[in-house]
Amino acid sequence: MAFGDQPAYLRVAGDLRQKIVAGELPPHTRLPSQARIREQYGVSDTVALEARKVLMAEGLVEGRSGSGTYVRERPERRLVVRTGYRSVGESTPFRQEQADPKVKGTWESRSEQGAATAAVAERLRISVGDKVMRTDYLFRCSGEPAMLSTSWEPLALTGRTPVMLPEEGPLAGRGVVERMAAIDLIVDNVTEEISARPGLAQEALALGGVPGHWVLVVARTYFAGGCPVETADVVMLAERHRVAYHLPVK
């Protein structure tokens, strides 16, 4: 489809998007009203409404009850660097991933036993319903919410060991590689898959975003001798983060 054949609402949204990106409509500026869009572009109310919906879905504008629609302030995107995982003596991967050494990473966590869902069982190569330790994290950079992580470890491997609880015991907060080494499981491979999807309401609330805005999901799994020992989903707001991989050449 040629550009000129685009639906009218996309052409209107594209023009308004360009003005937002160029700074002609700076942050906190009220978007032209539906009536103004209709008059300016010679379109119907339906087209004007759909164009505004497109910009809202893209996270460029936000509605304020009883006031109108305003251009959102675009946050500076933080670089998350993935460099591989150092071994014994390092803390959690979150600290290792900080691009800026001046950034202070902190986190909150909660662990509980549960049964593996079909998706978790497939990733850990265990049976549905097998016992796992689930740990939910909220990571912060300089006090601000940065990312969420949910990890699962098979209790068939870690149960009744000093490392059963990732954030408690003698190796609390030391990371998967060192914790598994303590029970003679040597991590020798890590896989990561990155995808994007609309954020869930609870994710947006925890990260200070807007429900429906897109998130980046890093699905990470640690292996020891070909056996998965931990898998996790790391979630961050797409509009606030860039993910870069630094891969050593052997």
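The values are calculated or read from the model by the stated rules, or taken from the named source; none is laboratory data. What you are looking at is a predicted structure, and each value in this text was computed from that prediction instead of being measured. Virtual Cβ from ideal backbone geometry, glycine too; neighbours counted across all protein chains shown. Protein only, heavy atoms only, side chains kept; ligands, DNA and RNA dropped before computing areas. Shrake-Rupley method; radii C 1.70, N 1.55, O 1.52, S 1.80 Å.
When E122 is tested against (1) modelled with pLDDT of 65 or more; (2) more than 25 Å from W152 (Cα to Cα); (3) not small (G, A, S), exactly one condition is not met: (2).
Quick check, is G4 more than 30 Å from the chain's Cα centre (by Cα), modelled with pLDDT under 90 and open to solvent by 80 Å² or more (accessible area, probe 1.4 Å)?
So G4 fails the test.
Residue-level check: of (1) outside any loop (DSSP other than H, G, I, E, B); (2) surrounded by 13 or more Cβ atoms within 10 Å (Cβ to Cβ); (3) modelled with pLDDT of 95 or more, W107 misses just (3).
Scanning segment 195-212 for residues that are within 19 Å of A57 (Cβ to Cβ) and outside any loop (DSSP other than H, G, I, E, B) yields S195, A196, R197, P198, A201, E203, A204, L205, L207.
Out of L16, L25, L10, one residue alone is at pLDDT 90 or above, assigned to a loop (DSSP other than H, G, I, E, B), closer than 30 Å to V243 by Cα and over 27 Å from the mean Cα position of the chain (by Cα). It is L25.
Residues in segment 57-66 that are surrounded by 18 or more Cβ atoms within 10 Å (Cβ to Cβ) and in contact with a Ser or Thr (Cβ under 8 Å, 6 or more places away or on another chain): V61 alone.
Just one of the listed residues (V47, V43) is open to solvent by less than 50 Å² (accessible area, probe 1.4 Å) and assigned to a helix (DSSP H, G or I), namely V47.
Of the residues contained in segment 214-221, one or more are found to be under 23 Å from K53 (Cβ atoms), touching a Pro at 6+ places or on another chain (Cβ under 7 Å) and surrounded by fewer than 20 Cβ atoms within 10 Å (Cβ to Cβ). Put simply, of P166, P162, P170 the only residue that is of a type outside the set (S, T, N, Q), assigned to a loop (DSSP other than H, G, I, E, B) and open to solvent by less than 40 Å² (accessible area, probe 1.4 Å) is P166. In segment 126-158, of all residues being part of a loop (DSSP other than H, G, I, E, B), touching a residue at least 12 places away in the same chain (Cβ under 8 Å) and under 17 Å from Q113 (Cβ atoms), the one that is most open to solvent (accessible area, probe 1.4 Å) corresponds to V128. Could you go through segment 185-194 and let me know if any residue there is in a loop (DSSP other than H, G, I, E, B), of a type in the set (D, E, K, R) and either within 19 Å of the chain's Cα centre (by Cα) or surrounded by fewer than 20 Cβ atoms within 10 Å (Cβ to Cβ) (or both). Within segment 185-194, one or more residues are in a loop (DSSP other than H, G, I, E, B), of a type in the set (D, E, K, R) and either within 19 Å of the chain's Cα centre (by Cα) or surrounded by fewer than 20 Cβ atoms within 10 Å (Cβ to Cβ) (or both).
What is the residue count in segment 222-238 for residues that are open to solvent by less than 30 Å² (accessible area, probe 1.4 Å) and under 16 Å from the mean Cα position of the chain (by Cα)? Summing the residues that are open to solvent by less than 30 Å² (accessible area, probe 1.4 Å) and under 16 Å from the mean Cα position of the chain (by Cα) in segment 222-238 gives 7.
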